[in-house]
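These notes concern the structure reproduced below.
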Amino acid sequence: MHIPQNLLDGSICPMTAVVSGLCLAGAALAAYRSVEKPRPLRFAAVSAFIFAAQMMNFPIGGGASGHLLGGVLASALLGVPFGVLALALVVALQALAFADGGLTVLGANVLNMAVLGAGLGGLLRLGLLKKLPAGGARVWIAAGLASWAAVMLAALACAVELALTGVLPLEQVAPAMLGVHALIGVGEALVTCAALALFERSAPVGAVSASRGFAAPALAALLIALCLSPFASPLPDGLEAVMAHYQVLHEAAPLFVTPLADYQVAGVAFEALSTGLAGLIGVVLTFLAAGMLALPLTRVRAA
């Protein structure tokens, strides 16, 4: 769902950048003030896993594919404020280092995937945990429903942005985006529940523990990026499929050249190896950047 360079123009770009910036500032303040904080290594490992998992496109039929957004997953593993920051970091690194999503539309991508996906999606999960009847199934129901809803919220926001900038009328783009992303949301829910089962098998319902380890998400990130990402579906993702269907998708020249564009390492001829190496580099970059971001936010405040 990464909006490409120059697909949006006009006032929508600075508007979404301002809204996203304010929301990220609020998330950072909330993270700093949080009583329960993930450790920096935990935050770094989960962020790296989200980056790697987003490389794994899966086919949904109709010539389109989808990939994990990971907002609800990040918020469930880290807490909502830290989940928002983790997604924002991943989206920013994807644009800067891999030319995945344009810089001019970075505010819109952060708004859709981090603020709405991890923020509202994470809050929805917590609300469902409080409302659903007691029982072990409510953890998975809440995670699954919130994950699906987060994808739909992001898709609707993207449709509104496309309509406001004049790419397509809302009555045309909204049903198309919601239709294809309803299927992607099912995959999102399944992956989210599977990852929660793997990383948080003994976690209390709705809780985030600072003592939880980082090894499992870190190892999973490395495995996905290096070994599995070359086998991701080559089909266009939901947004690209909708734009191609209405013949409004166009390639725009990037603002700058990166040697890791399109998740390929420049100079490596073997495509599978190039993708795996690019994924590995991305995991390491995300881990390091997330760790540095988490250090000041996870510092225990003096009473």
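Any idea how many residues of the range 28-64 are crowded, with 24+ Cβ neighbours inside 10 Å and among the small types (G, A, S)?
Final tally of qualifying residues: 7.
So, in the range 16-67, how many residues would count as being more than 18 Å from the chain's Cα centre (by Cα), over 17 Å from G291 (Cα atoms) and of a type in the set (S, T, Y)?
Number of matching residues: 1.
What number of residues within the range 89-139 are crowded, with 19+ Cβ neighbours inside 10 Å and charged (D, E, K, R)?
Adding up the residues that qualify gives 2.
Output the number of the condition that I12 fails; it satisfies all remaining conditions of (1) touching a Gly at 6+ places or on another chain (Cβ under 8 Å); (2) surrounded by fewer than 24 Cβ atoms within 10 Å (Cβ to Cβ); (3) hydrophobic (A, V, I, L, M, F, W, C); (4) over 19 Å from L120 (Cα atoms).
It fails just one condition, (1).
I'd like to verify a number: residues in the range 285-303 that are within 24 Å of L103 (Cα to Cα), open to solvent by 30 Å² or more (accessible area, probe 1.4 Å) and touching a helix residue (DSSP H, G or I) at 6+ places or on another chain (Cβ under 8 Å), how many? Give the steps one after another, and end with the answer.
Residues of the range 285-303 within 24 Å of L103 (Cα to Cα): 285-294.
When the remaining residues are screened for being open to solvent by 30 Å² or more (accessible area, probe 1.4 Å), the result is 285, 287-288, 292-293.
Next cut, touching a helix residue (DSSP H, G or I) at 6+ places or on another chain (Cβ under 8 Å) only: 285, 287-288, 293.
Qualifying residue count for the region: 4.
Looking only at the range 70-87, which residues are of a type outside the set (V, I, T) and open to solvent by 10 Å² or more (accessible area, probe 1.4 Å)?
Once the filter is applied, which keeps residues that are of a type outside the set (V, I, T) and open to solvent by 10 Å² or more (accessible area, probe 1.4 Å), the range 70-87 yields G79, P81, L85.
The values are calculated or read from the model by the stated rules, or taken from the named source; none is laboratory data. All values reported here derive from a predicted model rather than from experimental measurement. Glycine also receives a Cβ, built like all others from the backbone with ideal geometry; neighbour counts cover every protein chain displayed. The protein model used for the area step is the full one, side chains on, heavy atoms only, and it has no ligands, DNA or RNA in it. Shrake-Rupley method; radii C 1.70, N 1.55, O 1.52, S 1.80 Å.
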